[in-house]
Amino acid sequence: MTEQMATRGVVFERPGSPPRIEELLLDPPQCHEVSVRLAAAGVCHSDLHVVDGDWERPSGVVLGHEGSAWVGSIGEGVDGLEIGDLVVLAWTAPCRSCTACGRDEPWLCSAPDGSGHRLREEDVRLRRADGSPVGAYSGIGTFGEHQVVARSAAIKVDPRTPPEIAALIGCAVTTGIGAVRNTAGVRAGESVVVIGLGGVGLSAVMGAAAAGANPITAIDTSPAKLELARQAGAHRTLLADEADQATGADHVLECIGLVETVELAIELARPGGTVTLVGMTPHGQRASFDVYRLVEEGKQIRGSNYGSAVPARDFPMIATEYLEGRLPLDLLITERIGLDHVDEAFEAMRRGDGVRRVVVY
Ligand SMILES: NC(=O)c1ccc[n+]([C@@H]2O[C@H](COP(=O)([O-])OP(=O)(O)OC[C@H]3O[C@@H](n4cnc5c(N)ncnc54)[C@H](O)[C@@H]3O)[C@@H](O)[C@H]2O)c1
Ligand SMILES: [Zn+2]
Ligand SMILES: [Zn+2]
């Protein structure tokens with residue numbers, strides 16, 4: 001287990017220069033790590049934020065943070081995983097010892113294993129032939145054929161789960177469904193509005209439908225997305241310029257990350273209702289609201305990071321719900337692509353064309 005292995009990954013250098021596939025070398029797993037062979041990886045808008053320079057990220061990292069994989073080799077001190085297991089990769093690998101982990105809020109972990117995109121000297125496992133370090137985005141870099149990840153980032157799911165579906169559970173699905181269940185706490189009979197129907201928003205619609213929310217209203221600028229939302233369980237769909245018809249909801253979820261739709265979400269919630277912000281803006285953007293009205297109307301605004309989910313609990317549960325036919329997650333897959341087509345997937349996402357493009361290895 002001391003040998004390096006040859007692999008390939010899509011490396012991000014800087015905004016404006018398209019990420020390129022590079023030949024790389026991967027170290028074996030160390031203590032509390034496993035090496036994995038990627039099975040599938042979804043292209044999420046959070047990768048596009050990085051490529052477009054909305055968020056500052058270090059250069060020289062294999063992109064991608066939504067993926068499924070098979071366990072390859074196992075480092076020391078790893079329990080509960082065997083070679084060949086199908087795992088969903090979590091983009092936060094909880095340290096299990098910080099205050100947030102102690103509160104069972106792993107999405108807020110202050111020191112996730114393999115953090116800093118695996119560029120800290122002790123975390124580097126990927127290198128170029130000249131020995132220079134390459135990082136793994138969010139510790140998992142799913143646009144790479146192989147990775148070494150923290151044990152707590154590799155969550156075993158039912159092996160019958162199709163790898164493409166398992167990949168989407170790693171970000172969009174858990175983020176959207178978790179925002180509905182864990183962050184907003186939607187209950188049967190409550191009304192829900194979802195603004196933005198990409199992979200995250202459509203997953204929120206499915207989560208609301210599974211929770212028995214009624215009515216569920218879905219809003220997007222794209223008529224094609226509205227059709228998908230109906231298939232995902234929305235009772236009513238509105239184009240963005242008709243959004244004021246959705247006023248008075250118990251719960252509103254913003255799943256885009258635009259200031260104007262964040263402010264719209266706050267308007268659409270009923271007095272006493274909750275606004276759950278899931279979409280992420282470029283760094284530093286500020287939204288505003290009428291403070292007097294918000295207070296008088298007793299509205300609540302919450303941020304939802306990773307669907308307030310506990311991966312070890314939520315990933316296998318969601319996979320089982322899918323296998324039992326309770327979540328129509330297949331709707332999210334627009335196209336299966338090869339690793340060399342990630343760039344085109346970003347371009348399509350900029351146009352708002354399609355939901356998830358999934359790299360199949
Ligand atoms: N909170 C988290 O933990 C978390 C996790 C994953 C993704 N995200 C963020 O969630 C957001 C959505 O991600 P995604 O992958 O689903 O993106 P996406 O690009 O697939 O979907 C965005 C959707 O918004 C629609 N849209 C754009 N402008 C609109 C407008 N003005 N009004 C109505 N609809 C509009 C688009 O047509 C598209 O359907 C991104 O900002 C992403 O970074 C957050
Ligand atoms: Zn994501
Ligand atoms: Zn922690």
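The values are calculated or read from the model by the stated rules, or taken from the named source; none is laboratory data. Owing to the predicted nature of the structure, the values given are computational and were not obtained by experimental measurement. Heads up, the Cβs are rebuilt from the backbone with ideal geometry, glycines too, and the neighbour counts pull from every protein chain shown. We work out accessible area using only protein heavy atoms, side chains counted, and drop any ligands, DNA or RNA first. Shrake-Rupley method; radii C 1.70, N 1.55, O 1.52, S 1.80 Å.
List of remarks:
- Over the stretch 212-361, the ratio between the Cα radius of gyration and 2.2 N^0.38 Å evaluates to 1.17.
- Accessible surface of the stretch 237-347, 1.4 Å probe, proportion on carbon and sulfur as whole %: 51
- Take Met317: with every protein chain present and a 1.4 Å probe, its accessible area is about 80 Å².
- Solvent-accessible surface (1.4 Å probe) assigned to Glu335 amounts to roughly 80 Å².
- Only Lys, Arg (+1) and Asp, Glu (-1) charged, at Cβ; the chain dipole about Cα centre in debye: 440
- Over the Cα atoms of the stretch 166-238, the radius of gyration divided by the Kirkwood radius equals 0.94; this is the Rg/Rh ratio.
- Kirkwood Rh in Å, taken over all unlike Cα pairs in the stretch 114-164: 12.1
- Annotation for the stretch 64-105: GluC sites (Glu not before Pro) lying in DSSP loop with at most 13 further Cβ atoms inside 10 Å of their Cβ are Glu76, Glu82.
- Size descriptors for the stretch 273-327 (Cα atoms only): Rg and Dmax, in that order, 16.6, 47 Å.
- Highest-MSF residue in the chain out of Ala345, Ala287, Ala211 [GNM, Cα springs under 10 Å]: Ala287
- Seen from a random direction on average, the alpha-carbon convex hull of the stretch 1-143 projects onto 8.7 square nanometres.
- Since only Ala111, Ile219, Met317 are under comparison, the one whose Cα sits farthest along the positive direction of the charge dipole of the chain, derived from C-beta charges on Lys, Arg, Asp and Glu, is Met317.
- The chain: relative contact order in percent, alpha carbon pairs under 8 Å with at least 6 residues between: 18
- Karplus (6.51, -1.76, 1.60) ³J(HN,Hα), θ = phi - 60°, over the stretch 342-355, in Hz, Gly and Pro reported as x: 4, 4, 5, 5, 5, 4, 5, 5, 4, 7, x, 8, x, 9
- For the chain, built as a Gaussian network whose Cα springs stay under 10 Å, the top-fluctuating residue of Leu239, Leu86, Leu24: Leu239
- Accessible area in square angstrom per residue, the chain, 1.4 angstrom probe: 41
- For a label point 7 Å along the Cα-to-beta-carbon line of Glu13, residues of the stretch 20-62 with backbone N under 12 Å: 20-22, 59-61
- Note on the chain: GNM, Cα springs under 10 Å; of Gly67, Gly80, Gly303, the largest mean-square fluctuation is that of Gly80.
- Spherically averaged projected area in nm², based on the convex hull that wraps the Cα atoms of the chain: 16.9
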